[in-house]
1. Within the bounds of the stretch 21-29, is there any residue that is closer than 18 Å to Thr99 by Cβ and either of a type in the set (Lys, Arg) or in contact (Cβ under 8 Å) with a residue 60 or more places away in the chain (or both)?
2. If Asp112 satisfies all but one of (1) assigned to a strand (DSSP E or B); (2) of a type in the set (Asp, Glu); (3) loosely packed, with under 11 Cβ neighbours inside 10 Å, what's the number of the condition it fails?
3. Which pairs do you get when a residue that is at positive phi, found in the stretch 61-73, comes within reach of a residue that is assigned to a loop (DSSP other than H, G, I, E, B) and open to solvent by 30 Å² or more (accessible area, probe 1.4 Å), reach meaning Cβ atoms under 6 angstrom, with the pair 6+ apart or on two chains?
4. Would you be able to tell me the number of residues in the stretch 3-25 that are touching a Gly at 6+ places or on another chain (Cβ under 9 Å) and open to solvent by less than 50 Å² (accessible area, probe 1.4 Å)?
5. With the condition kept exactly as written, say whether any residue in the stretch 45-54 is touching a residue at least 40 places away in the same chain (Cβ under 8 Å) and aromatic (Phe, Trp, Tyr).
6. In the set Val79, Val69, which member is touching a Leu at 6+ places or on another chain (Cβ under 9 Å) and among the aliphatic types (A, V, I, L, M)?
7. Among (1) part of a strand (DSSP E or B); (2) open to solvent by less than 60 Å² (accessible area, probe 1.4 Å); (3) of a type outside the set (Phe, Trp, Tyr), which single condition is Asp104 missing?
Amino acid sequence: MTVDEGAGTATPLITLNNAVAAGFTVDYTTTAGSATGGGTDYTDAAGTFDLYRHSWGGQTITVTITDDVLVEASESYTVDLSNITGGLASIADAQGLGTITDNDSASISINDMTVDEGAGTATLRLR
């Protein structure tokens, strides 16, 4: 799932591909990649889902994305599934990739100047 850092949240979806006779649980946690957790690029998330046969639509995890003012490349983290219980289902894909695209930009410019030709030298300043 790819989101702009100004989106506020990312909501990856956990889905069940078939009905099962009884409920089960699965743990999830976010893991830093090139993105940093702890609120720097995103806020760490972890917990346990209770999934039942009526969970056809899936369940979402909410990962809070930090909208900073740094110009940076796209960054990534993962949401990892583990510790499935119940024995009636297995984890087919244990890792979802989250990508945060940057919404900041930077530029440099130089000011115009006028100097007397007798001044000798001129100082140009970047701003």
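The values are calculated or read from the model by the stated rules, or taken from the named source; none is laboratory data. Owing to the predicted nature of the structure, the values given are computational and were not obtained by experimental measurement. We place every Cβ from the backbone using ideal geometry, glycine too, and count neighbours over all the protein chains shown. Just the protein is used for accessible areas: all its heavy atoms, side chains included, with ligands, DNA and RNA removed. Shrake-Rupley method; radii C 1.70, N 1.55, O 1.52, S 1.80 Å.
1. No.
2. (1)
3. Filtered contacts from the stretch 61-73: no entries.
4. Applying the first criterion (touching a Gly at 6+ places or on another chain (Cβ under 9 Å)) to the stretch 3-25 yields 3, 10, 12-16, 20, 22-25.
Now narrow it down to the ones that are open to solvent by less than 50 Å² (accessible area, probe 1.4 Å): 3, 10, 12, 14, 16, 20, 22-25.
Residues meeting the conditions: 10.
5. Going through the stretch 45-54, the residues touching a residue at least 40 places away in the same chain (Cβ under 8 Å) turn out to be none.
Looking through the stretch 45-54, none of the residues is touching a residue at least 40 places away in the same chain (Cβ under 8 Å) and aromatic (Phe, Trp, Tyr).
6. Details: Val69 fails: touching a Leu at 6+ places or on another chain (Cβ under 9 Å).
Every option except Val79 fails the conditions.
7. (1)
Here is a yes/no grid of residues against (1) open to solvent by 80 Å² or more (accessible area, probe 1.4 Å); (2) at pLDDT below 95; (3) in contact with a Cys (Cβ under 8 Å, 6 or more places away or on another chain):
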site	(1), (2), (3)
Ala46	no, no, no
Trp56	yes, yes, no
Ile61	no, yes, no
Ile65	no, no, no
Ala73	no, no, no
Tyr77	no, no, no
Leu81	no, no, no
Ala92	yes, yes, no
Gly96	no, no, no
